[in-house]
1. What pairs can you find where one residue is in region 256-273 and under 17 Å from T226 (Cα atoms), the other is of a type in the set (F, W, Y) and part of a strand (DSSP E or B), and their Cβ atoms are less than 7 Å apart, with a gap of 6+ or different chains?
2. So W26 clears everything in (1) at pLDDT below 90; (2) within 30 Å of the chain's Cα centre (by Cα) except one condition, right? Which one?
3. Against the definition (in contact with a strand residue (DSSP E or B) (Cβ under 8 Å, 6 or more places away or on another chain), over 12 Å from L312 (Cα atoms) and in contact (Cβ under 8 Å) with a residue 40 or more places away in the chain), how does T278 come out, yes or no?
4. In region 223-241, which residues are surrounded by 15 or more Cβ atoms within 10 Å (Cβ to Cβ) and either over 15 Å from the mean Cα position of the chain (by Cα) or not assigned by TED's automatic domain parsing to the domain that holds L341 (or both)?
5. Just one of (1) crowded, with 18+ Cβ neighbours inside 10 Å; (2) touching a residue at least 24 places away in the same chain (Cβ under 8 Å); (3) assigned to a helix (DSSP H, G or I) trips up E244, so point out which.
6. Kindly list the number of the only condition in (1) under 23 Å from L259 (Cα atoms); (2) modelled with pLDDT of 90 or more that fails for N352.
Amino acid sequence: MSTLPPAEVMYKALLERDSSFEGIFWVGVKTTGIFCRPTCAARKPREENVEFFAAPQEALYAGYRPCTRCRPLELIKSAPEPVQRLCEIVDKSPSGKITSRELRDMGIDPSTARRQFRKYFGMTFQAYHRARRMGVALKEIRAGETVIGAQIDQGFDSASGFFEAFKQVFGNAPSRADAVRCLYTRWLETPLGAMLAVAGDDGLYLLEFVDRRGLEKEISDLRHRTGMAIVPGNNPHLEQISRELKDYFEGKASITLSLPLVIIGSPFEKEVWAALQTIPPGETRSYTELAQQVGKPKGMRAVGQANGRNRLALVIPCHRVIRADGNLCGYGGQVWRKKWLLEHEREMMTRNPATSAVKADIRQVNGTINAAR
């Protein structure tokens, strides 16, 4: 796959060392004969002195040698080392407190850790740690632990502090933990940049590229409409979408229709989203065709608006809708991604004809989609 974002987008990402473009492009510097990652810390070349590649092999074939500083032949970089260490510490002991002094003792500069954590996860380390502590406390109380026991286990010195922290995250007092329902989030790395998944006990609520415009508003609206807190965590649905995204981007399989989804929207929006799920991988539909399918032959604009309000990228394949003249037009995840996804799916269906069986496995909407409460 050789599809790349626009050159101006990639050059801007290079100047800003934007980590969301890791694995999407590599850059060759004509004046040095070296190729790098988009996040390389080396001095940035002028725009006329660079060319971009969709894979490191392409840069090698073009005569460039790998940078010894950013090591572009290695696998896509994961979270920065300080961020990984902090996550490991929290996961091993969510109730422990980590002060700035303790961070320095571990060789981690607190200000650097805060910046990297926010950039990588979209939240402060303190917010992540607090949410993990409260998530563990909620599980303990649900499992029969007393409120005071959970308070002590999670390292809160006072009942009032625990009460306020619990209420701030979950919206209920600890004594009402049985009534608390949460949504859990996971950050997922993909070749097209990071995605954010949000799931509850009943299914997947949201899957979006993290640079999507308006994502924060989507999350805020989801919190408001469900009445549930959204906190870092894990559940079987997040595990499933993580596995399926990996297989999808590696071209091994399409995302299955067995993943439980929780659809929140108007009756018309749900009808449009259900129609989107009938478009097989490797195929497209026009807005006109989609409008006719939902019984609104003159409702192309309304269909387009519903398409744009889809919160479940890839799973509800709004990227498979194009204009009647073949123009890709808009896409919340950016048009260059839409082009990549469509070409990827066409190639995947060509390479793996067996996956076309998914065409006969259209989701029965009334039986498998959970309506919003």
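The values are calculated or read from the model by the stated rules, or taken from the named source; none is laboratory data. All of these numbers come straight from a predicted model, not from anything done at the bench. With ideal geometry, Cβ positions are generated from the backbone for all residues, glycine too; neighbour counts draw on all protein chains shown.
1. Cβ pairs passing all conditions: V262/Y205.
2. (1)
3. Answer is no for this residue.
4. R223, T226, M228, A229, N235 - these are the residues of region 223-241 that are surrounded by 15 or more Cβ atoms within 10 Å (Cβ to Cβ) and either over 15 Å from the mean Cα position of the chain (by Cα) or not assigned by TED's automatic domain parsing to the domain that holds L341 (or both).
5. (2)
6. Looking at each condition in turn, N352 falls short on (2).
Residue by residue, here is whether (1) outside the structural domain of S220 (by TED's automatic domain parsing); (2) out of contact with any Cys (no Cβ under 9 Å at 6 or more places or on another chain); (3) farther than 30 Å from G200 by Cα; (4) surrounded by fewer than 18 Cβ atoms within 10 Å (Cβ to Cβ) holds:
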| site | (1), (2), (3), (4) |
| --- | --- |
| K252 | no, yes, no, yes |
| L261 | no, yes, no, no |
| S266 | no, yes, no, yes |
| W273 | no, no, no, no |
| I279 | no, yes, no, no |
